[in-house]
Structures are given as C-alpha cells and as structure tokens.
Amino acid sequence: QVQLVESGGGLVQPGGSLRLSCAASGNIFSINATDWYRQAPGKRRELVAAITSGGGTNYADSVKGRFTISTDNAKNTVYLQMNSLKPEDTAVYYCNAIIITNWPRKASYSYWGPGTQVTVSS
C-alpha cells in the first residue's frame, strides 16, 4: 500500500507564510511527479503547483511569485512554500503523486492525500 499524508496547514494572517509537506510511504519504487491541488467551498479542485522527477515546475497564475514547490527525494516528501498569503488562498490543499510500485507487480498509479486545511484570515 502507498499512503500520502499532508501536514503544515493552519490559520495564518494575510501576508503570512506556511509550508505544506506531503510525505509518501509504502511500496514505492519511484515517484514520477507530484502536484499540489486546492479546493475551496463551492469551487472545483484546481491545480496549484506541479513538479516532475526531473525538477521541472509549473504554477497556477494566481500563485506565481508567491508559492514554491520543491522535493526531498531521500525522504519521499514534497513541499509547498506559500508566502504573501491572501484570503483567497483559503482552501483544503491536497497532494497528488504518480507513483510506481514494485509489489505485487510493477505498476504506475495516481495517489491522493486526505488534504490539509489552510485558512488565511485577519
């Protein structure tokens, strides 16, 4: 089994910063790509940031210049550094990863974490 767990969410004032973490564990052979999504009440889930195994990144226009995605491959962990937070950043943030497993057979799957709440409010 493969499990993704997000952490680092919480309540922060506008202009503040948070760093989210997403740790993958279990039967992992390799991780091809990891993304951060978010979903606010009444809105559809949107892609926030993405990073490939080669280090390539992209960001939603709404967070460019404020958010940074990075990985620690030795820890199977991806981070989302969020600076200059705005009230409109309030949402549940989810990590998603394309993971190749090695048992019972080699296969590629998309996995989701349970999400972590980020609230930006004064």
Net charge dipole size for the chain [Lys, Arg +1 and Asp, Glu -1 on Cβ; Debye, nearest 20]: 160
Give me the distance in nm between label points sitting 7 Å out from Cα along the Cα-to-Cβ direction at residue 30 and residue 61, one decimal. 3.5
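Is the shape of segment 72-122 rounded, prolate or oblate, going by the alpha carbon gyration tensor and its root eigenvalues a ≥ b ≥ c, with a/c under 1.5 for rounded and a/b larger than b/c for prolate? Let's see the in-between values first.
Working: a/c = 4.42, a/b = 2.48, b/c = 1.78.
Prolate, since a/c reaches 1.5 and a/b exceeds b/c.
So if I place +1 on the C-beta of Lys and Arg and -1 on the C-beta of Asp and Glu, and nothing else carries charge, what would the dipole magnitude of segment 18-67 be about its Cα centre? I want it in debye, nearest 20.
Details: 7 positive and 3 negative charges, 46 e Å.
Here segment 18-67 has a charge dipole of around 220 debye.
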Of the lysine pairs in segment 6-111, how many meet both conditions: Cα atoms under 26 Å apart, and a spacing of 8 or more in sequence or different chains? 5
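In square angstrom, what is the accessible area per residue of segment 11-116 with a 1.4 angstrom probe?
Working: 5810 Å² over 106 residues.
Heavy-atom SASA per residue in segment 11-116 reads 55 Å².
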Accessible surface of segment 1-83, 1.4 Å probe, proportion on carbon and sulfur as whole %: 46
Multiply the residue gap between residue 44 and residue 13 by 0.36 nm, knock off their C-alpha separation, and tell me the result in nm, one decimal place. 8.8 nm
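Arranged from highest to lowest average of other beta-carbon atoms within 10 Å per residue, in what order do the peptides 63-74, 22-33 appear? Spell out each step's value before the answer.
Numbers: 63-74: 14.4, 22-33: 16.2.
Ranked by mean Cβ neighbours within 10 Å, highest first: 22-33, 63-74.
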log10 of Debye I(q)/I(0), alpha-carbon scatterers only, for the chain at 0.12, 0.14, 0.15, 0.21 Å⁻¹: -0.42, -0.56, -0.64, -1.15
If you find the alpha carbon centre of segment 75-122 and of segment 6-42, how far apart are they in angstrom? 3
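The values are calculated or read from the model by the stated rules, or taken from the named source; none is laboratory data. Bear in mind the structure is a predicted one, so any value in this text is a computation, not a measurement. Cβ atoms come from the backbone with ideal geometry, glycine included; neighbour counts cover every protein chain shown. Quick note on the areas: whole protein, heavy atoms, side chains included, nothing else; ligands and nucleic acids left out. Shrake-Rupley method; radii C 1.70, N 1.55, O 1.52, S 1.80 Å.
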